[in-house]
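Below is one structure, written out as structure tokens; comments come after it.
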Amino acid sequence: MDSQFINHVIGNKVDEIDEDVIFPITYDDEKVVDDFIDEIENLEITSASNFTILSESDVKQLQEASITEISTLLSIPRAVACLLLFHFDWSVTKVHEAWFDDEEKVRKAVGLKQQPQVCFSDFEILTCEICFETFTCNMMKSAGCEHPFCLNCWKRYIDRKIYEGADKCLALKCMNPSCNASVDSDMIYQITSEVNKQKYDRFSFRSFVEKSKNMKWCPGPNCNFAVVYEPDGSNKNLDVKCLCYHSFCWNCGEDAHSPLDCETVNQWGNKLYSLPENIGWFLSYAKPCPRCKITIEKTKQCIECKCGFQFCCLCLRDWKRCCFEGCKGTQVNNFEEQGVEIDKNGEVKYVADKYIHYYDHWAMNEFLRRKAFENLSAEHAKRLSELQGKLECNLEFINEAWLQLVECRRVLKWTYAYGYFLPENEKAKKELLEYTQGEADASLEKFHHYLESKLHEFLNGEALDGFNEFRFKIINLTNAARNYFDGLVRALENGLVDVKGFSNMSESSNQEGFQKNNQH
């Protein structure tokens with residue numbers, strides 16, 4: 001879009017934007033909508049204080065402290081303490097309780113020997129029971145049991161187990177199938193190569209988090225942060241926001257999906273898998289031109305067909321009209337069933353059509369979320385710092401704005417899955433949700449274009465002043481968006497319970513007011 005149409009979206013001048021203009025949610029014909037918006041904006045928003053983000057060095061310190069505590073308390077080598085902790089999922093408390101309750105039982109379960117079972121002379125000749133070669137005793141080794149094997153066989157055995165992964169090498173046992181003796185890290189370090197030592201250490205380090213019940217590695221790409229979570233007694237899923245900018249659900253490990261619970265998200269995904277593969281690809285990456293019906297790849301929300309028609313992927317209208325009036329028409333959010341048709345397999349056809357409608361909007365918001373995420377750039381901050389003469393730390397508000405847009409698009413994306421699963425008899429809630437989705441989408445578009453266009457001006461030296469005013473407005477817009485969408489999430493998680501008076505109104509009055517405010 002060129003700048004003149006952006007200006008019309010956000011006002012006669014892009015620098016005259018105001019947060020009250022960006023997030024106006026009004027519904028003149030239905031007072032209950034205003035009450036609902038007041039409710040979600042005034043909900044008490046509490047930051048998630050029951051999780052902590054840890055770096056790798058933080059995790060390493062916790063692991064070393066656990067090993068030291070067990071080694072000191074039980075008067076055992078650190079290598080043996082590692083075996084005990086790994087067996088009890090790195091829980092110091094579990095090791096304490098089990099060891100002092102029945103030490104012999106723990107030793108037997110873990111495979112710890114109190115002393116070597118057989119003593120040999122250094123010059124005694126022994127036969128390895130794996131390769132059947134003879135060696136002097138100093139070329140043989142056992143795991144503290146009566147089953148010595150040659151160093152070459154031990155090396156091949158240990159190397160193979162390290163290659164097979166953490167579960168195999170961290171719980172390594174004697175090569176004799178009938179023996180439960182554990183092979184500790186000291187013995188592994190003496191035999192294996194330097195490369196495999198590093199792999200073994202990495203497996204041990206990662207297992208400290210992976211076997212914990214209140215700690216997880218962030219699933220974000222190339223992220224090495226861990227999350228410690230302390231339950232607050234709530235059964236609701238918790239969206240964790242890592243320092244790498246990746247957000248995920250603590251319960252299922254998938255991308256953050258509030259206000260939906262994990263089971264509903266799973267049902268949503270299963271719907272897509274049940275459709276033919278080409279339909280899933282089509283919804284995610286392509287759109288038919290409303291004029292000539294040629295399929296076009298989605299590269300942004302508003303695209304241009306080869307026939308010359310420029311249209312919005314969501315409302316399918318001319319992009320100029322969409323840009324002027326906001327993308328919130330009746331074609332956008334609400335789904336009207338056109339009757340039920342049973343196909344030859346006995347399936348109800350409109351159900352699939354309904355899913356396609358909602359998935360299309362879900363996928364478009366995911367696309368716009370990714371586009372906003374791509375704007376995070378340290379280079380922009382560096383360039384602005386040079387042009388405006390400001391410290392880079394004072395420009396963090398720009399990345400915070402982009403991150404808030406990413407989060408808002410994520411929430412808006414899942415509201416469409418929420419709408420799909422709303423019962424058909426909940427017409428009041430469905431219509432209110434559709435109206436809110438349209439208003440939220442239009443507001444995010446304005447916010448996005450204002451931020452993007454002003455940054456373009458500053459980065460290209462087109463605007464030499466007004467940066468402080470821009471900073472003030474962006475911070476206000478970011479806070480307004482955060483408060484509004486946090487409140488919306490809480491309202492949806494509570495099942496839109498405050499939409500009571502709306503459902504008591506007459507259907508005709510309700511429909512008339514809703515359609516009137518969705519006309520373009």
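The values are calculated or read from the model by the stated rules, or taken from the named source; none is laboratory data. Just so you know, these numbers come straight off a predicted model, no measurement behind them. No Cβ is skipped: glycine too gets one built from the backbone with ideal geometry, and neighbour counts run over all protein chains shown. Just so you know, the surface numbers come from the protein's heavy atoms only, side chains and all, with ligands and any DNA or RNA stripped out. Shrake-Rupley method; radii C 1.70, N 1.55, O 1.52, S 1.80 Å.
A few comments on the model shown:
- Overall, the accessible surface of segment 159-258 at a probe of 1.4 angstrom is composed of carbon and sulfur to the extent of 47 percent.
- Subtracting the Cα-Cα distance of Asn138 and Asp186 from their residue separation scaled by 0.36 nm leaves 15.6 nm.
- Each label was represented as a point 7 Å from its Cα along the Cα-to-Cβ direction; for Glu469 and Glu146 these points are 9.1 nm apart.
- Thr93, Thr192, reordered so the largest accessible area comes first (probe 1.4 Å): Thr93, Thr192
- Heavy-atom accessible surface of Trp414, to the nearest 10 Å², is about 20 Å², with a 1.4 Å probe and all protein chains retained.
- List His96, His380, ordered by accessible area with a 1.4 Å probe, largest first: His380, His96
- Efficiency of FRET between Thr68 and Glu129 - r from beta-carbon atoms, R0 45 angstrom, step 0.05: 0.75
- Out-of-range pairs (alpha-carbon distance over 25 Å; input Lys155/Lys199; Lys271/Lys429; Lys371/Lys430; Lys216/Lys382; Lys94/Lys161): Lys371/Lys430; Lys216/Lys382; Lys94/Lys161
- Accessible surface calculations at 1.4 Å, restricted to protein heavy atoms, place segment 61-161 at 58 Å² per residue.
- Heavy-atom accessible area order for Asp465, Asp239, Asp353, largest first, 1.4 Å probe: Asp465, Asp353, Asp239
- One decimal place: the segment Tyr273-His96 gains 59.0 nm when fully extended, by the rule 0.36 nm per residue minus the C-alpha distance.
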